[in-house]
């Protein structure tokens, strides 16, 4: 009898051992994992479309609320347009570049949830996403444990790692996910308000199918783990938590997208950087080609001079996804850098 019990225990241990082996790259989370799985806590997962670049990831297209309830985990999928502009006496003032671009537009509602990721420090964007949710009666009492940003590239890579998923009787891979979702989102009666509000609902069964296949496809767990680490490393997935111990674990892996800016000393933890954002060019970034060239020279007194050239080509045409491109470029330079001259040109 004991022998049978031992055999059964050994069999039960196999999936656990395999899971620990497969996801060994994430075992660093074990000391704090309970903070992500507490009852009635919610993980906010924001989904971004990098065909419309923002300072961190892409346009906030949709979001998932993953909550550990008394009856188990519940996944709620929502369109980012589901969160209306905050009903305040005055609009929430957006970053200057947005205000200058849209403040004279009669349709402009002020800063809204879907445009919340306009800092190149991901911590600020995650906090703003939480902040905007508080203005909606449905979500104001959420107890959010963490915020995770995921872009379309990451979703495609994960889908490939599980061998593809079936959606609307079609097999989806990284090669066709964007076009199929675009078709799903755009194919509705624009005069039907209900259809407009529900145009992205088809993504919910896709999310459910992906999660289900990830769980049951345990033979690919190791590959999925490798892909997940790669996506975190390349910042296609970003993490934020207000819990400092949990945040520290991800920060040490450089998975938090944090950029520290000290305005008094004009210094940063990023000594040299360029950030591109789209603030009115639809999904035009799929047609944009960027190149950066930097040359340095040193004079007899040891002074360093840099000539930085940024070239942007728009290779698309005006259509449903593309229009005249309004870009926003931010540049970080070392403390003490002085801008001597600026030149710019635009060609129709």
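Name every residue in the range 112-122 that is in contact with a helix residue (DSSP H, G or I) (Cβ under 9 Å, 6 or more places away or on another chain) and either in a strand (DSSP E or B) or crowded, with 22+ Cβ neighbours inside 10 Å (or both), in order of residue number.
113, 116, 117
Please determine whether any residue of the range 64-81 is under 16 Å from residue 46 (Cβ atoms), out of contact with any helix residue (DSSP H, G or I) (no Cβ under 7 Å at 6 or more places or on another chain) and surrounded by fewer than 17 Cβ atoms within 10 Å (Cβ to Cβ).
yes
Being under 18 Å from the mean Cα position of the chain (by Cα) and modelled with pLDDT under 85 narrows it down to one residue among 115, 121, 105, 82; which is it?
Answer to the check: 82.
Name every residue in the range 283-311 that is in a loop (DSSP other than H, G, I, E, B) and either free of Cβ contacts under 8 Å to residues at least 60 places away in the same chain or more than 18 Å from residue 51 (Cα to Cα) (or both), in order of residue number.
Matches in the range 283-311: 299, 300, 301, 302, 303.
Condition first: at pLDDT below 90 and over 22 Å from residue 119 (Cβ atoms). Now tell me which residues in the range 31-57 satisfy that.
Hits for the range 31-57 are 31, 32, 33, 34, 35, 36, 37, 38, 39, 40.
Sort out which residues of the range 259-281 are farther than 13 Å from residue 331 by Cα and at pLDDT 85 or above, and write them in order of number.
The one that is farther than 13 Å from residue 331 by Cα and at pLDDT 85 or above: 278.
Are there any pairs, at least 6 apart or on different chains, whose C-beta atoms fall under 6 Å, with the first in the range 244-264 and part of a helix (DSSP H, G or I) and the second modelled with pLDDT of 90 or more, and if so, which?
So the pair list comes out as 247/241; 250/239; 250/256.
With the condition kept exactly as written, say whether any residue in the range 141-148 is assigned to a helix (DSSP H, G or I), touching a helix residue (DSSP H, G or I) at 6+ places or on another chain (Cβ under 6 Å) and either modelled with pLDDT under 90 or closer than 26 Å to residue 74 by Cβ (or both).
No, every residue in the range 141-148 fails to be assigned to a helix (DSSP H, G or I), touching a helix residue (DSSP H, G or I) at 6+ places or on another chain (Cβ under 6 Å) and either modelled with pLDDT under 90 or closer than 26 Å to residue 74 by Cβ (or both).
Just one of 238, 206 is modelled with pLDDT of 70 or more, within 20 Å of residue 66 (Cα to Cα) and assigned to a helix (DSSP H, G or I); which is it?
One residue alone meets the criteria, 206.
Please indicate, with yes or no, whether at least one residue in the range 90-102 is in contact (Cβ under 8 Å) with a residue 60 or more places away in the chain, crowded, with 17+ Cβ neighbours inside 10 Å, touching a helix residue (DSSP H, G or I) at 6+ places or on another chain (Cβ under 9 Å) and not in a strand (DSSP E or B).
yes
Any idea which of 199, 190 is crowded, with 19+ Cβ neighbours inside 10 Å, at pLDDT below 80 and more than 18 Å from the chain's Cα centre (by Cα)?
On inspection, the qualifying residue turns out to be 199.
The values are calculated or read from the model by the stated rules, or taken from the named source; none is laboratory data. All of these numbers come straight from a predicted model, not from anything done at the bench. In this analysis, Cβ positions are derived from the backbone assuming ideal geometry, glycine residues included, and neighbour counts consider all displayed protein chains.
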